[in-house]
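Below is one structure, written out as structure tokens; the observations come after it.
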Amino acid sequence: MRKDSAPRTGLLWFIIDIPRNIVIGLLKTYRKIISPLYGDVCRYFPSCSAYGLEAVTQHGVVKGAGLITWRILRCNPWSHGGVDHVPEGPRIWPEGKLPRIIVLNHPVIPDDEDAAESGRKELDH
Amino acid sequence: MNNFLDTILTPFTYVVSWVLWAFHELFTAIGMNADSGVTWTLSIIFLVLLIRTLLIPVFVKQIKSQRAMQALQPDLRKLQAKYKGKTDQLSRQAMVQEQQALFKKHKTNPLSSCLPLLVQMPFFFALFRVLNEASRASDDGRSIGALSAEHIRSFDGSTILGAPLSETFLGTINSGAINWAVIIVAVVMILAMTASQFFTQRQLMTKNMSQEALQGPFMQQQKMMLYILPLVFGIGGINFPIGVLIYWTASNLWTLGQQFWVIRNNPTPGSEAERELNARRAAKGLPPVGMKKEDADAAAAAAAEQRAKGQRHQPQRKNRRKKK
């Protein structure tokens with residue numbers, strides 16, 4: 001994926017991003033109010049709504065909608081689920097302005113106990 | 001937009017109205033009054049029973065994968081130990097990610113996905129549309145889906161405890177001539193609907209969540225939702241026709257019963273319900289779920305030994321302890 005050379009700021013991007021930001025608002029509201037009603041049911045990480053929110057954040061409404069639809073179709077009792085990340089998009093964000101959903105969807109997995117220990121030993125030498 | 005939604009809903013409306021019609025014919029054939037609200041109410045309840053019965057295979061599939069989960073217990077415990085005490089949001093996210101990867105590796109997943117819910121939604125909207133349209137269609141002498149104009153007239157005119165099935169709480173308030181039967185029946189149904197929703201949710205939270213999930217960062221939000229959602233549904237309910245309230249309440253009661261059964265027989269590992277299940281099993285002389293008898297005995301013996309050791313407090317040099 002080719003990355004932008006600069007963050008998308010300014011009036012033009014503000015206008016272009018209006019639909020995207022409206023959908024982000026709707027998805028955030030859904031995640032706050034309706035998601036908790038059903039508890040954890042999703043077979044994937046990130047969950048479908050978290051995936052959708054990141055997809056729209058990274059790719060905008062059109063491509064995002066396609067990605068969400070495909071994901072919801074794949075999330076059914078016959079699929080094995082698992083870890084399924086949003087494909088990387090072209091956008092970049094200023095230092096410290098990375099949207100929270102992207103941070104949450106890509107947590108750093110700490111090493112396992114044994115792996116961590118052997119790592120420490122290597123450092124000692 | 002409205003037309004687009006109507007087009008999508010049309011086949012569902014047809015199915016829902018046909019099922020209502022079929023049950024209504026059936027109940028009339030066995031001697032019930034065709035124009036009685038009781039007959040129509042029963043038709044709506046049987047529509048719920050039919051939809052939920054058709055969804056049982058999906059539910060059984062889910063139960064089976066929950067059983068398969070027992071094999072993952074050691075791995076899951078290891079994961080829980082790894083993240084013990086790490087309650088910040090990012091650690092929780094990391095844990096969920098590792099858990100999902102583990103499920104995938106073992107080709108089993110205890111979560112239901114949202115499909116069972118998504119499948120029911122168009123039927124619910126279709127029923128809502130049928131019941132909502134009924135009084136207008138009755139005035140115009142129109143049919144809706146498989147229900148003829150005559151059936152619609154019968155449905156629109158039918159009452160339960162004096163409240164028309166197609167009337168809403170808000171509708172009767174705004175009509176100027178308040179029908180108190182509608183107010184009373186609607187309030188009772190809204191209370192039943194929200195109460196069943198509340199108990200389903202609370203049962204899930206108090207009984208079927210692991211210690212880790214209960215300490216997670218989303219817990220506070222979920223606890224708040226437990227009390228806010230009944231309010232939302234209560235307020236939304238004043239807009240629903242009595243028939244929709246009946247459908248929703250019946251559906252909630254089914255969910256409540258189904259969940260009670262699941263929690264009793266297939267509880268989440270590390271939850272209160274699992275402790276209760278293991279206590280019941282112990283009373284019958286059975287080992288805890290997912291453990292073989294010998295393993296359980298060995299674990300109990302080890303625990304007893306540990307306790308005995310704890311009492312003695314023998315001072316020991318480090319190198320000696322290692323040798324043992």
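The values are calculated or read from the model by the stated rules, or taken from the named source; none is laboratory data. Quick caveat: nothing in here was measured; it's all calculated off a predicted structure. So basically every Cβ, Gly included, is an ideal-geometry build from the backbone, and we count neighbours across all protein chains shown. The area values use the complete protein model at the heavy-atom level, side chains included, leaving out ligands, DNA and RNA. Shrake-Rupley method; radii C 1.70, N 1.55, O 1.52, S 1.80 Å.
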Residues of the range B:26-42 satisfying the condition of being in a helix (DSSP H, G or I), polar (S, T, N, Q) and touching a residue at least 24 places away in the same chain (Cβ under 8 Å): B:THR39, B:THR41
Residue check for B:GLN73: over 28 Å from B:MET121 (Cβ atoms) and touching a residue at least 40 places away in the same chain (Cβ under 8 Å): yes
Boolean, A:LEU123 is on the phi < 0 side of the Ramachandran plot, modelled with pLDDT under 85 and open to solvent by 20 Å² or more (accessible area, probe 1.4 Å): yes
Residue match in the range B:10-28 (condition: among the hydroxyl-bearing types (Ser, Thr, Tyr) and touching a strand residue (DSSP E or B) at 6+ places or on another chain (Cβ under 6 Å)): yes
Scope the range B:135-170; condition part of a helix (DSSP H, G or I) and either touching a residue at least 60 places away in the same chain (Cβ under 8 Å) or open to solvent by 50 Å² or more (accessible area, probe 1.4 Å) (or both); matching residues: B:ARG136, B:ASP139, B:ASP140, B:GLU150, B:HIS151, B:ARG153, B:SER154, B:PHE155, B:GLY157, B:PHE169, B:LEU170
Residue, farthest from the chain's Cα centre (by Cα), within the range B:43-63, restricted to residues that are crowded, with 19+ Cβ neighbours inside 10 Å and among the aliphatic types (A, V, I, L, M): B:ILE44
Selected residue [under 23 Å from the mean Cα position of the chain (by Cα) and surrounded by 20 or more Cβ atoms within 10 Å (Cβ to Cβ)] from B:GLN93, B:GLN100, B:GLN120: B:GLN100
Which listed residue, of A:ASP84, A:ASP114, is surrounded by fewer than 19 Cβ atoms within 10 Å (Cβ to Cβ), acidic (Asp, Glu), more than 16 Å from B:LEU118 (Cβ to Cβ) and at pLDDT below 80: A:ASP114
Criterion: within 12 Å of chain B (Cβ to nearest Cβ) and open to solvent by less than 20 Å² (accessible area, probe 1.4 Å) - qualifying residue of A:ARG71, A:ARG31: A:ARG71
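Residue under question is B:PRO110, and the condition is that it be under 30 Å from B:VAL244 (Cα atoms), more than 7 Å from chain A (Cβ to nearest Cβ) and modelled with pLDDT under 85; does it hold?
Details: under 30 Å from B:VAL244 (Cα atoms): no; more than 7 Å from chain A (Cβ to nearest Cβ): yes; modelled with pLDDT under 85: yes.
It is false that B:PRO110 is under 30 Å from B:VAL244 (Cα atoms), more than 7 Å from chain A (Cβ to nearest Cβ) and modelled with pLDDT under 85.
Just name the residue that is farthest from B:LEU147 (Cα to Cα) out of those in the range B:22-42 that are in contact with a Ser or Thr (Cβ under 8 Å, 6 or more places away or on another chain) and open to solvent by 70 Å² or more (accessible area, probe 1.4 Å). Write out each step before concluding.
Going through the range B:22-42, the residues in contact with a Ser or Thr (Cβ under 8 Å, 6 or more places away or on another chain) turn out to be B:23-24, B:27-28, B:32-37, B:39-40.
Next, from what is left, pick out any that are open to solvent by 70 Å² or more (accessible area, probe 1.4 Å): B:33, B:35.
Numbers: B:ASN33: 17, B:ASP35: 14 Å.
Within the range B:22-42, the match that is farthest from B:LEU147 (Cα to Cα) is B:ASN33.
Taking the condition away from chain A (no Cβ under 11 Å), assigned to a helix (DSSP H, G or I) and either open to solvent by less than 60 Å² (accessible area, probe 1.4 Å) or touching a Lys or Arg at 6+ places or on another chain (Cβ under 7 Å) (or both), does B:GLN66 pass?
Here the answer is yes, as B:GLN66 does meet what is asked.
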